[in-house]
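Please read the structure below before turning to the comments.
The values are calculated or read from the model by the stated rules, or taken from the named source; none is laboratory data. None of these values were measured; they are calculated from a predicted model. Methodologically, a virtual Cβ is constructed for each residue, glycine included, from the backbone with ideal geometry; neighbour enumeration extends over all protein chains shown. Heavy atoms of the whole protein, side chains included, go into the accessibility calculation; ligands, DNA and RNA do not. Shrake-Rupley method; radii C 1.70, N 1.55, O 1.52, S 1.80 Å.
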Amino acid sequence: MSRIVVVGYGPTAHRLVETLVSKGFDGRITVIGEEPRPAYDRVHLTSYLSGTSAEDLTYDVPEGAVTKLSTRVTGIDRDAKHVVTGDGDVEPYDVLVLATGSAPFVPPVPGAEHAFVYRTIEDLDAIKVAAKDAAEGVVVGGGLLGLEAADALRALGLKAHIVEMSPWLMPRQVDEGGGAVLKQHIEDLGLSVHAGAGVKEIVADDQGQVTGLLKPDGTLVDAQVVVFSAGIRPRDELARSSGLEVGERGGIVVDSGMLTSDPSIYAVGECALAGGMIYGLVGPCNTMAEVAVDRIMGGSATFEGADMSTKLKLLGVEVAQFGAMDGALDVTYMDPVGGVYKKLFISDDAKTLLGGICVGDASPYTSLRPFVGKALPAAPSDLLFSGAGASLDLPDEAQVCSCNNVCAGDVRTAIADKGVTDVPGIKACTRAGTTCGSCVPMLKQLLEKSGVEVSKALCEHFTYSRAELFDIVRVRKITTFSQLITEHGQGRGCDICKPAVASILASLHNGHVLEGERAALQDTNDAFLANMQKNGTYSVVPRIPGGEITPEKLIVIGEVARDFGLYTKITGGQRIDLFGARVDQLPEIWRRLVEAGFESGHAYGKALRTVKSCVGSTWCRYGVQDSVGLAIALELRYRGLRSPHKLKSAVSGCARECAEARSKDFGIIATEKGWNLYVAGNGGFKPRHADLLAGDLSTEELIRTIDRFLMFYIRTADRLQRTSTWLESLEGGLDYLREVIMEDSLGICADLDAQMEHHTATYADEWAATLDDPEKLSRFVSFVNAPGVPDPSIVFEQERGQIKPVMAR
Amino acid sequence: MSWTPICDYDKLLPERGVCALVEGRQVAVFRTYDGALHALDNLDPFSGAYVLSRGIVGTRKGEPTVASPLHKQVFSLVSGVCLDEQGVAVPVYPVRVADGRVEVSV
């Protein structure tokens, strides 16, 4: 087996290739896709309209795979075992995988050619353009994707209508009662629902501009944009023309091993007809890809159909369906005031749970879906009414993550055998929760119930987590470590809790970090306001906001480095690091720097480091905003802000992203209309691209949002937890963060704003203040009994014209 | 035993260390929260750098400690024994207060 050719490059093809690579397939993999880019995340497609770029949605091409993009396969020669592409190229295969996906179904009504569909990035681009001059839009199809499309039209500023053939919305997920509650929710948001209605014609004027949608009853819905989202049709034309067996109503017929009627050809994803079914959800399609890989590599895995359970939040409404949609008995909870509808289906002996439907509150999905086909864990009324079920013990074989087919037992194994202690660990170990994220609360529950004592205690001196200590200090207005440990801890602290408490006190009160008792809490870096290096010397980093510096200041840095014999190096954060200073040299070095107008760069602190920038619109012919100006403003605003870990930021002046903002804790990328704010990125040991928190913000909105993001992080993160892992473990993730800091769901925004105001109002340069304080300065000596004597253990040699440390051994 | 005065007792901040150069030896002197004094060799045996006086002072199960500022190994201020790795210890030196002056003996 040496050559695999994959036709189609959507998410299922991506999963197939990724799995092949991860399982060590050592042959040649060629993926041929007709779209201009590799596979991208269609689950989050709508976020493209709110600013997520196509690049952000696009998956990385698995290492080793060869891709041919914008290329259509026009034929398969099954005898010669090769495929032919539109430009006449021939690609030989030993195994062929068809992952050609599906196309949106467009009903053959007059004027349909003027309508849009909602599937690809190009479709969204076209809708975006059309929406610019439109006031109203109609989506045909009230299913899952239809509602998403309607939400997108609304987000583009249109009055949105939904036309659905069935008597209620989302007929595949909810029953009539649930549909009624859903309709209420959606109409409350200002959308119009036309249920039980079909389409007679898309009406357009002479120029082809759509003016409305004509219903069979003769009424016209005014609209300038029409989007069809009325189901999918498998793309089986290639299979059909190659003589492979296809289903009566479409779809490439496959067996339980995803093999087509040709023993060298597999089909996976939405184009495959497995057990007489077409699957359009990401979970089953991923499973098909994994089954096919297993088979290709000699295994015997089978695809046995899939759980079509769904949980989603559309237009702010939670909708979920799991298991069967009918049963001998059912129990319904309905609250029209609160807009909640929950129904469970039960076997005729009232013992087995068959399925359920939820609108407005999807909590039963999380707690009860794993019990489908099993004995009811409690009385149905209790399960629905009191919210019981949240603490039920899941059986090992219960599936918790349907996107990646992970069972409770897999998660328990990861916890027990691999020592995983948090949600990010489970994600890394099992892939559970990495696709749609809806099972994260369940993962958390499994962790909590695992018996593995996940102690939140900071150390032996405090039984509280950092976040709890933060609240204690804040609410009880504690100002010293001694008071805190006397009243709320034991012993005299250690190298873990002392710097953590020092950071909390600094975040809340912003006094000098070396004042009074606080001097004894600091790590050596904070204690000497410099970074200790391997030989006990320190490095010095003056702040260079935004990376902008005058020639005069550059000269001062050069002169200081020369006069004190320091090694100089440009940092990754657009600053200059001066190495090799003895502790007794630090005050003299800083006296020169402060005189020249420099301030502490806090390279030594768990604090804001730099706000990096590209040169921006002032000079760059591509720049759309002044990235340097913003970077300087942000760096000056947040300088000195102590936090659970270091904070890095960057501002890019255009989408080319030269400042690498998306690898930062908070990164800003200029748009034509303002700024996109990305949060929780990281380079380092475990790189993470930052997530788009909000798009097209004005500078004022941007700063307010960053203020709150930082303060909420400072309040709630664990010790030494970067924003990336903090966000990953935040229950509810990015949506929750948005609710808290942009919609003020916890009512704390005024507090967060006040806290940041206090910070900016009370900031003072630590080094300038230290130089003015003889008592603090007196600590900067190598030897207390010989203040003028340099440490004789510190020795350097020369390398490339500069010093380097020599260690005694 | 000969004692070398190094500084005034009041010069020492609670829970911070200083380093003194005594007969060519670097001695790290610590004042703990209760006012007691401890003296260890300043050489961190793990890194080979003379830095222990700049570590964080605390307690472990009641025993006064200092953590190396380089890689955080914790040493007992009483015995000099490393509490994180068996078989590693640093020398301890006698230390006392006489007439308000801190004195060490090496």
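Key figures for this structure:
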| quantity | calculated |
| --- | --- |
| Carbon + sulfur, % of accessible area of the protein assembly as shown - ligands and nucleic acids excluded, 1.4 Å | 50 percent |
| Unsatisfied cross-links (Cα-Cα over 25 Å) in the set A:LYS456/A:LYS776; A:LYS498/B:LYS11; A:LYS553/A:LYS673; A:LYS606/A:LYS673; A:LYS456/A:LYS606; A:LYS444/A:LYS686 | A:LYS456/A:LYS776; A:LYS553/A:LYS673; A:LYS606/A:LYS673 |
| Cα-based reach from A:LYS569 at 17 Å (exclusive), listing aspartates and glutamates while leaving out same-chain residues under 8 positions away | A:GLU548, A:GLU559, A:ASP577, A:GLU797, A:GLU799 |
| Local net charge near A:SER363, Cβ-Cβ under 12 Å (Lys/Arg +1, Asp/Glu -1) | +1 |
| Net charge of Cβ neighbours under 13 Å - reference B:CYS82; Lys, Arg +1; Asp, Glu -1 | -3 |
| Relative contact order (percent, whole number), the range A:112-230, Cα cutoff 8 Å, 6+ residue spacing | 34 percent |
| Accessible area buried at the B-A interface, both sides summed, 1.4 Å probe (Å², nearest 100) | 2800 Å² |
| Antiparallel DSSP beta bridges within the range A:246-353, percent to nearest 5 | 85 percent |
| Links that overshoot a 25 Å alpha carbon limit, given the list A:LYS648/A:LYS804; A:LYS313/A:LYS664; A:LYS418/A:LYS646; A:LYS183/A:LYS215; A:LYS128/A:LYS313 | A:LYS648/A:LYS804; A:LYS313/A:LYS664; A:LYS418/A:LYS646 |
| Low-density loop cleavage sites - chymotrypsin sites (Phe, Trp or Tyr not before Pro) in the range A:653-718, where at most 10 other Cβ are within 10 Å (DSSP) | A:PHE685 |
| Estimated FRET transfer efficiency when R0 is 51 angstrom, pair A:ALA596-B:MET1 (beta carbons, to 0.05) | 0.50 |
| Inter-centroid distance (Cα atoms) of the range A:675-734 relative to the range A:585-648, Å | 19 Å |
| In sequence order, calculated HN-Hα J values of the range A:313-324 (Karplus, 6.51, -1.76, 1.60; Hz; x Gly/Pro) | 10, 10, 6, x, 9, 7, 10, 8, 9, 9, x, 6 |
| Cα gyration tensor, the range A:675-727 - rounded (a/c under 1.5), prolate or oblate | oblate |
| Long-range amide H partners of A:GLY75 with built H, under 5 Å | A:VAL84 |
| Solvent exposure of the protein assembly as shown as accessible area per residue, Å², 1.4 Å probe | 41 Å² |
| Global geometry of the range A:466-527, whether rounded, prolate or oblate, following the gyration tensor of its Cα atoms and the 1.5 cut on a/c | oblate |
| Once the Cα gyration tensor of the protein assembly as shown is diagonalised, semi-axes √(5λ) in Å | 60, 31, 29 |
| Segment A:HIS44-A:SER22, length gained on full extension (0.36 nm per residue, minus Cα span) | 5.5 nm |
| Average Cα contact separation per residue, the range A:607-717, under 8 Å, 6 or more apart, as relative contact order % | 20 percent |
| Computed [θ] at 222 nm, deg cm²/dmol, chain A (DSSP H ≥ 4; -39,500 (n - 2.57); rounded to nearest 500) | -8500 deg cm²/dmol |
| Centroid-to-centroid separation of the range B:62-106 and the range A:255-288 [C-alpha atoms, Å] | 68 Å |
| GluC sites (Glu not before Pro) restricted to DSSP loop in the range A:728-809 with at most 12 other C-beta within 10 Å | A:GLU731, A:GLU743 |
| Antiparallel bridges, percent of DSSP beta bridges restricted to the protein assembly as shown (to nearest 5) | 70 percent |
| Inter-part distance where the range A:126-180 and the range A:310-354 are each reduced to a Cα centre, Å | 23 Å |
| Inter-probe distance in nm under a simple model that places probes 7 Å from Cα toward Cβ, at A:THR568 and A:ASP217 | 8.0 nm |
